[in-house]
Amino acid sequence: MAIPACSRIRSTSHAADSPTAFIENDAVLGDLDAHFAGNFLNEDTILKLARDKGYSTAAVGKHGPTLLFDHTERIGLQTIIVDDITGTAQGIPLSAEMGERLKAAGLAMATPPRGANGIAGNVTTPGTKSANVVQQDYFAAVTTRVVLPMFKERSKPFLLVFWSRDPDGTQHNQGDSLNVLVPGINGPTSLAAMRNEDDNLARIRSALSELGLLDSTNIIVTSDHGFSTISKQSQTSSTVATKFSDTLPGHLPFGFVARSRSPIRRCSRGRACTARSAGPTPGISWQCRGQTSNRNSSIPRRPATPIWAARLRI
Ligand SMILES: [Zn+2]
């Protein structure tokens, strides 16, 4: 059983509002597969390999990466997929057996939304102060009260992925440190997210123990990335002179990437020259290399690498 503990940038709700195609989305995964002969990865996923060998398989958790573990099986009759959009018209359908078992367990047929946990905030409004407790309580309940008991009854080996959005989603959105560095991603909201994930893992371990499966089940905990707290202020980058609607004065814009540059040009004397000062402005000074004197050649032209700050995210 694998439990990737983390995910990636921004919330799914944000992605849904973005004009940029975002792979953490079941529909986008389907589009990608359709463009690449049915399997855009050109590899078999671990859940597909397992079910082909007769394992029971399930993936539960965050919209997108959950389906990615068996994205070529979209009818819900082989691998069980339970994610954010389960129970909607866009979700991977549940089998009749899953529907009956959810009903018998008193669990809803649809995943609850993230609610306040999905609030990303902006430069003037803090993000969430809530861990993803409600939604993940549902995922943990489905896993421990429906999926694992079903797998136990089948008396077959199984492979189950529980993709916990916490602490990742909460730490991306946390509202503990609006435009300040402390406490950063070590604030109370992030700590609550870690507790939430830990509680989910404890529930899964307890269920395995009660089912008599713990001693014969391998649990693998993994993660996709960590966090570091950074300052978005700069007194030297010329990018701060550019006004962005979602950026405070003196701050670097969301998604800013600095690019090291030392463009080489030939000056009027045919010598290799480098930019002496930084700035994407015409009339930049260029300094001849290899000169023995201090004479400079001033060549009015743009630097060789005009893109030196890019907004990679919207
Ligand atoms: Zn992340």
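The values are calculated or read from the model by the stated rules, or taken from the named source; none is laboratory data. Because the structure is predicted, anything quoted here is derived from the model rather than measured. Glycine also receives a Cβ, built like all others from the backbone with ideal geometry; neighbour counts cover every protein chain displayed.
For the reader, a short list of remarks on this structure follows.
- Just one of the listed residues (ARG203, ARG276) is surrounded by 10 or more Cβ atoms within 10 Å (Cβ to Cβ) and at pLDDT below 85, and it is ARG276.
- Qualifying residue in the stretch 178-185 (condition: under 24 Å from GLU24 (Cα atoms), within 16 Å of the ligand (Cβ to nearest atom) and either surrounded by fewer than 17 Cβ atoms within 10 Å (Cβ to Cβ) or assigned by TED's automatic domain parsing to the domain that holds VAL146 (or both)): yes
- The residue list LYS103, LYS152 contains one member that is touching a residue at least 40 places away in the same chain (Cβ under 8 Å) and away from the ligand (no atom under 16 Å from the Cβ), which is LYS152.
- Qualifying residue in the stretch 77-92 (condition: of a type in the set (Ser, Thr, Tyr), buried (at least 20 other Cβ atoms within 10 Å of the Cβ) and not in a loop (DSSP other than H, G, I, E, B)): no
- Selection status of ALA120, more than 16 Å from the ligand (Cβ to nearest atom) and either farther than 23 Å from PHE69 by Cβ or in a helix (DSSP H, G or I) (or both): no
- Take the conditions (1) touching a Gly at 6+ places or on another chain (Cβ under 7 Å); (2) surrounded by fewer than 21 Cβ atoms within 10 Å (Cβ to Cβ); (3) within 23 Å of PRO65 (Cβ to Cβ); (4) not small (Gly, Ala, Ser); LYS129 misses just one of them, which is (3).
- Residue within the stretch 32-47 that is crowded, with 20+ Cβ neighbours inside 10 Å, at negative phi and at pLDDT 95 or above present: yes
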